[in-house]
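Engineer: One structure coming up, written as structure tokens, with questions to follow.
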Amino acid sequence: MKSITKGINKMTKQSIWVASLATPAMIAVLLLLLGSPSVRANDHSAANATVKIDNFVFGPQTLTVPVGTTVTWTNSDDIPHTSVSTDGVFKSKVLDTDEKFSYTFTKAGTYPYYCTIHPKMTGKVVVQ
Amino acid sequence: MPDKKQDLIDQKLQDLNNDGVDRRGFLKCMAWAGTGLVWTMSGGIPVSRAFAKGYGKKADKGADFSFVQISDSHIGFNKPANPDVTATLQTAINKINAMPHTPDFIIHTGDLSQLSKPSEFDTLDQVLKGASAKQIYFVPGEHDMLSDNGEQFLQRYGKGTKGSGWSSFDHKGVHFVGLVNVANLKAGGMGSLGHEQLEWLEDDLKGRSASTPIVLYAHIPLWTIYPDWGWGTDDSEQALSYVKRFGSVTVLNGHIHQIMQKIEGKVSFHTAMSTAFPQPAPGTAPSAGPMKVPAEQLQQVLGITDVNYVVSGSSLAIVDSPLGG
């Protein structure tokens, strides 16, 4: 903040006029940025998470999320798949290419699941 | 002429991946009238075995017969590997209809549909209606068990079957057993027959003469081809122990969309091509999914299997024909 003020004092009359308009705007923008929520892609505090299904693999195979997260499985493969909990907690319908299934995890725990069509495909959601 | 046809089939097998890799590392079956030899590759050393002596000469009229195996029609699939699987199924049926002898029946070893949709089964039925052989036996593939655990499959194709769709029948002295290994699949596992079906199988085979030729057919291979891709059946060993005492056992499977064969004692294993799309050889691709080939080659990697039984022989002669051959 100090350096900005020093810089402004050194400018010409015209610049001072422009700068005096810009400064409040800059301060406003800075405040906005500092106050806004994080927008990083891999943020684990987000309320949503995704699992991408492709090439007969759930990616990531183990997904760790906080309680209350809605996990969405998207099938990007050219073959249908399902996402079914081994403990009967959730069960997707058959997902053809580009179809999705979502489930919100309200309780902490480990949730192993698999594709009932291709049972070698397994995954796990860890809810903390 | 038989050798030429076999050469053609061999060529197709070799060119399958278009990468110059010769498939002689895998087992090949060379059953054909005249040559009647079955080749196996074991550690790189070829071993031949004469098979169905006298094949080609129809000794007793009516005692010999043939049937056709088709598999993995996947009606409803419409991705680049084959945008029109109904058309290629029709080609397969046309090929059957063009055979000089009408097969006694057809066996479909599963994955009739892509998504178990009623419209897909309807389309399949429409095409099969035009087949020269009117009797068709079905076992489901995992794609036929979606949404309703195979309820629809049973309603349409499960007459006279038990449990998830298993059954047996006799035809001209040969005992056929249709098994279902795509129900109640467990996480991390491969195909599965289950306790109830295994008990039924043991009982079904009890008391039959060891000289009765046996044909087992099921969707997923009953021998372990490639566990990483689920190409095997977890409890098939128990099933195979029940047929060990028989003089001739043939196992027909689908699921892997390519021909693979193995001989173990008196048991011959054989998987069929799909009529819809090919899949890669084990471990040659990131996954077992549909494999794209140049459009003009598609007909060479899809096919039907013609099986001939000769009463004087002890085995079945199996001939795979590509659709474009």
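Engineer: I'm trying to understand the selection: among the residues of the stretch B:121-147, which are within 14 Å of chain A (Cβ to nearest Cβ) and touching a helix residue (DSSP H, G or I) at 6+ places or on another chain (Cβ under 8 Å)?
Structural biologist: B:Pro140, B:Asp144, B:Met145, listed by residue number.
Engineer: Next question, about the same structure. Check whether at least one residue in the stretch B:235-245 is of a type in the set (Phe, Trp, Tyr) and in contact with a Gly (Cβ under 6 Å, 6 or more places away or on another chain), and report yes or no. I'd like the intermediate steps shown before the answer.
Structural biologist: Going residue by residue through the stretch B:235-245, those that are of a type in the set (Phe, Trp, Tyr) are B:242.
Imposing the further condition that a residue be in contact with a Gly (Cβ under 6 Å, 6 or more places away or on another chain) reduces the set to none.
Checking the stretch B:235-245: not a single residue is of a type in the set (Phe, Trp, Tyr) and in contact with a Gly (Cβ under 6 Å, 6 or more places away or on another chain).
Engineer: Can you pull out every residue in the stretch B:265-288 that is surrounded by fewer than 19 Cβ atoms within 10 Å (Cβ to Cβ) and not hydroxyl-bearing (Ser, Thr, Tyr)?
Structural biologist: Matches in the stretch B:265-288: B:Gly265, B:Lys266, B:Pro282, B:Gly283, B:Ala285, B:Pro286.
Engineer: Going residue by residue through the stretch B:225-235, is there one that turns out to be more than 20 Å from B:Pro282 (Cα to Cα), within 14 Å of chain A (Cβ to nearest Cβ) and touching a residue at least 40 places away in the same chain (Cβ under 8 Å)? Steps first, please.
Structural biologist: Our first condition is that a residue be more than 20 Å from B:Pro282 (Cα to Cα); within the stretch B:225-235, this holds for B:235.
In the following step, the residues that additionally are within 14 Å of chain A (Cβ to nearest Cβ) were identified as B:235.
Those left that are additionally touching a residue at least 40 places away in the same chain (Cβ under 8 Å): B:235.
Checked the stretch B:225-235: at least one residue is more than 20 Å from B:Pro282 (Cα to Cα), within 14 Å of chain A (Cβ to nearest Cβ) and touching a residue at least 40 places away in the same chain (Cβ under 8 Å).
Engineer: Can you confirm whether the stretch B:119-126 contains a residue that is more than 15 Å from B:Val85 (Cα to Cα) and at pLDDT 95 or above?
Structural biologist: no
Yes/no per residue for (1) more than 14 Å from chain A (Cβ to nearest Cβ); (2) aromatic (Phe, Trp, Tyr); (3) touching a Gly at 6+ places or on another chain (Cβ under 9 Å):
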{"site": "B:Ser248", "(1), (2), (3)": "yes, no, yes"}
{"site": "B:Leu252", "(1), (2), (3)": "yes, no, no"}
{"site": "B:Ile259", "(1), (2), (3)": "yes, no, yes"}
{"site": "B:Gly265", "(1), (2), (3)": "yes, no, no"}
{"site": "B:Thr271", "(1), (2), (3)": "yes, no, yes"}
{"site": "B:Gln279", "(1), (2), (3)": "no, no, yes"}
{"site": "B:Lys292", "(1), (2), (3)": "no, no, no"}
{"site": "B:Leu298", "(1), (2), (3)": "yes, no, yes"}
{"site": "B:Thr305", "(1), (2), (3)": "yes, no, no"}
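Engineer: Using the structure shown, decide if A:Ile53 is within 12 Å of chain B (Cβ to nearest Cβ), modelled with pLDDT under 95 and touching a Phe, Trp or Tyr at 6+ places or on another chain (Cβ under 9 Å).
Structural biologist: Criteria not met by A:Ile53.
Engineer: Then there is this: Hey, among the residues in the stretch A:67-97 that are more than 24 Å from B:Ser287 (Cα to Cα) and in a loop (DSSP other than H, G, I, E, B), which one's farthest from the other protein chains (Cβ to nearest Cβ)?
Structural biologist: A:Gly68
Engineer: Scan B:Tyr242, B:Tyr309 and give me the residue that is buried (at least 17 other Cβ atoms within 10 Å of the Cβ), of a type outside the set (A, V, I, L, M) and touching a residue at least 60 places away in the same chain (Cβ under 8 Å).
Structural biologist: B:Tyr309
Engineer: Please verify whether the stretch B:181-192 includes one or more residues that are more than 14 Å from chain A (Cβ to nearest Cβ) and either buried (at least 17 other Cβ atoms within 10 Å of the Cβ) or under 26 Å from B:Asn308 (Cβ atoms) (or both).
Structural biologist: Within the stretch B:181-192 (the criterion being more than 14 Å from chain A (Cβ to nearest Cβ) and either buried (at least 17 other Cβ atoms within 10 Å of the Cβ) or under 26 Å from B:Asn308 (Cβ atoms) (or both)), the answer is no, since none of the residues qualifies.
Engineer: Look at B:Leu193 and say whether it is touching a residue at least 12 places away in the same chain (Cβ under 8 Å) and in contact with an Asp or Glu (Cβ under 6 Å, 6 or more places away or on another chain). Give the steps one after another, and end with the answer.
Structural biologist: Working: touching a residue at least 12 places away in the same chain (Cβ under 8 Å): yes; in contact with an Asp or Glu (Cβ under 6 Å, 6 or more places away or on another chain): yes.
Considered against the rule, which asks whether it is touching a residue at least 12 places away in the same chain (Cβ under 8 Å) and in contact with an Asp or Glu (Cβ under 6 Å, 6 or more places away or on another chain), B:Leu193 comes out as yes.
Engineer: Do we find that B:Thr91 is away from chain A (no Cβ under 14 Å) and surrounded by 23 or more Cβ atoms within 10 Å (Cβ to Cβ) in this structure?
Structural biologist: Considered against the rule, which asks whether it is away from chain A (no Cβ under 14 Å) and surrounded by 23 or more Cβ atoms within 10 Å (Cβ to Cβ), B:Thr91 comes out as no.
Engineer: Go through the stretch B:264-292 and give me each residue that's hydrophobic (A, V, I, L, M, F, W, C), more than 15 Å from the chain's Cα centre (by Cα) and over 19 Å from B:Ser71 (Cα atoms).
Structural biologist: B:Ala285
Engineer: Next question, about the same structure. Any residue that is surrounded by fewer than 20 Cβ atoms within 10 Å (Cβ to Cβ) and either on the phi > 0 side of the Ramachandran plot or at the interface with chain B (Cβ under 8 Å from one of its Cβ atoms) (or both) - is there at least one of those in the stretch A:108-115?
Structural biologist: yes
Engineer: Which pairs do you get when a residue that is more than 20 Å from A:Ile79 (Cβ to Cβ), found in the stretch B:250-270, comes within reach of a residue that is assigned to a strand (DSSP E or B) and among the basic types (Lys, Arg), reach meaning Cβ atoms under 6 angstrom, with the pair 6+ apart or on two chains?
Structural biologist: Matching pairs, first to second residue: B:Phe269/B:Lys262.
Engineer: Answer yes or no: is there a residue in the stretch B:148-165 that is surrounded by fewer than 20 Cβ atoms within 10 Å (Cβ to Cβ), acidic (Asp, Glu), within 14 Å of another protein chain (Cβ to nearest Cβ) and touching a residue at least 24 places away in the same chain (Cβ under 8 Å).
Structural biologist: yes
Engineer: Okay, next question. Going through B:Thr305, B:Thr275, B:Thr284 one at a time, which residue ends up being over 13 Å from B:Leu323 (Cβ atoms) and among the polar types (S, T, N, Q)?
Structural biologist: On inspection, the qualifying residue turns out to be B:Thr284.
The values are calculated or read from the model by the stated rules, or taken from the named source; none is laboratory data. Since this is a predicted model, take the numbers as computed values, not measurements. Glycine also receives a Cβ, built like all others from the backbone with ideal geometry; neighbour counts cover every protein chain displayed.
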